[in-house]
Amino acid sequence: MGLSLTISDIRGKAYEPILEELLFENKTISEALVSFEGDVKNESIFTENTNAVSMQAFASGAPTSGGTFTLVDTIVTPTKVMFYNEFDPNALRPSRFKRSMRPGAWEIASTEFERVVLATYGKEVSLDAESKWWTGITSATKTAIAALTPGTGQTAVGAAEQTWAAAQTATLFDGVVAKMIYNNGALGTRVKVAGTTISSTNINAEYAKAYAALPAVVLAQTQKPFIYAPYSHKQLINIFNVSATYRDLFAVDINADKYFYNGIEIKFVPLPENTMIVALPSNLIWATDLVSDLNKMEINKIANNREDMFVKHIFTIAAHVARQSTNVLYLG
Amino acid sequence: MLKIKDDVVIYPYGKACNGFDNKSELSQEILEHLQSRFPDDIEEIKEAKQSIKK
């Protein structure tokens, strides 16, 4: 049973709010920090197009064909996952939750438990999905990355990339970082940046490395790229700015909770430490059947002749990284 | 050859990720990378020379 109780028989007055665990918000979804491709029941084809043109001298006679149209399809198949947990609401009878149970021995459903505890559990599911969408990696991909021959050039896997893959616990699907390192059975064509341990003293220099590596054409687009960084960077940036002698090197609007590096907005997401991505949000695609599936949970009796219950989430999820060669992956 | 020192656990990507210790099966390239970031936690061990006695 997935119910761990350290409760007191309620005698006096219970402090009204239940002190919920402090959680980050899933801003990847709530603020649409990336692109979402819904309605992917099983497979979706993402097509990338690059063209080459060839100027040639005019000829009145038969011209020679020049240039190429290149189209590459990638099939993305989201992984169907679920979260399932059983609990016995009868165990809550001695606790504060009995106050929100209706009278009668049959009635053991607590509205307070559903409103607070199960709602928080639902947020945890959403955060777990978000975290794995960024950093998930299958055991097969871990093995494949470990088998590559490392080197410093862009066409070789970086030692930091192999270290990163080795440091992750295997998950059911590959997330964004894994897809940038290893994509479609081969090394990804990301722009790799060899980093180091980021602290409040070197964060400016490390962001400069990632910024400098960004292909200039990305900054020339109507849609602006984001720097996706771990949550801890917010503190490191604030400390760095306090220490900066003449001016803040990271532009920060504390009231609006907005952070910028050289005009690029920084978005804090559940990436591991010393890991950053610089990319157009349209290049990072969250593929799923229905985005709102993440918020849907089923709570019901396990069987009609039983009083214990279950809570269940089901959704599909996949990460797809488009235009790989325009995305920067910084790994310390 | 490089190895992580005894009784040391390295977390190159924070404690939300797996740590490495001297039992972790890591390539020398990964250990070289870790040495660049955690020089005090990596040591070099000399391989014992094997002599064949006839």
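The values are calculated or read from the model by the stated rules, or taken from the named source; none is laboratory data. Note that the coordinates shown come from a computational prediction; the quantities given were computed from them, not determined experimentally. All Cβ positions, glycine included, derive from the backbone under ideal geometry; neighbour counts span all protein chains shown.
Quick rundown of the values:
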| read-out | value |
| --- | --- |
| Criterion violated by A:PRO94 - all others in (1) assigned to a loop (DSSP other than H, G, I, E, B); (2) at pLDDT 90 or above satisfied | (2) |
| Subset of the stretch A:135-167 (residues that are crowded, with 23+ Cβ neighbours inside 10 Å, touching a Lys or Arg at 6+ places or on another chain (Cβ under 7 Å) and not in a helix (DSSP H, G or I)) | A:GLY158 |
| Test: residue in the stretch B:36-46 that is at pLDDT 95 or above and in a loop (DSSP other than H, G, I, E, B) | yes |
| Answer from A:TYR211, A:TYR231, A:TYR259 - the residue that is in a loop (DSSP other than H, G, I, E, B), aromatic (Phe, Trp, Tyr), under 21 Å from A:LEU331 (Cβ atoms) and modelled with pLDDT of 95 or more | A:TYR231 |
| Hits in the stretch B:32-49 (condition: in contact with a strand residue (DSSP E or B) (Cβ under 7 Å, 6 or more places away or on another chain) and facing chain A (nearest Cβ under 9 Å)) | B:GLU32, B:LEU34, B:PHE38 |
| Residue match in the stretch A:315-332 (condition: out of contact with any Phe, Trp or Tyr (no Cβ under 6 Å at 6 or more places or on another chain), within 14 Å of chain B (Cβ to nearest Cβ) and not in a strand (DSSP E or B)) | yes |
| Breaking point among (1) more than 10 Å from chain B (Cβ to nearest Cβ); (2) closer than 15 Å to A:ASN274 by Cβ; (3) surrounded by fewer than 22 Cβ atoms within 10 Å (Cβ to Cβ); (4) touching a residue at least 24 places away in the same chain (Cβ under 8 Å), for A:ALA194 | (1) |
| Meets criteria (at pLDDT 95 or above, hydrophobic (A, V, I, L, M, F, W, C) and over 21 Å from A:ILE285 (Cβ atoms)) for A:ALA146 | yes |
| Positions within the stretch A:271-292 being of a type in the set (Asp, Glu) and at pLDDT 95 or above, in sequence order | A:GLU273 |
| Hey, A:SER199 within 12 Å of another protein chain (Cβ to nearest Cβ), among the hydroxyl-bearing types (Ser, Thr, Tyr), more than 22 Å from A:SER35 (Cβ to Cβ) and within 17 Å of the chain's Cα centre (by Cα) or not | no |
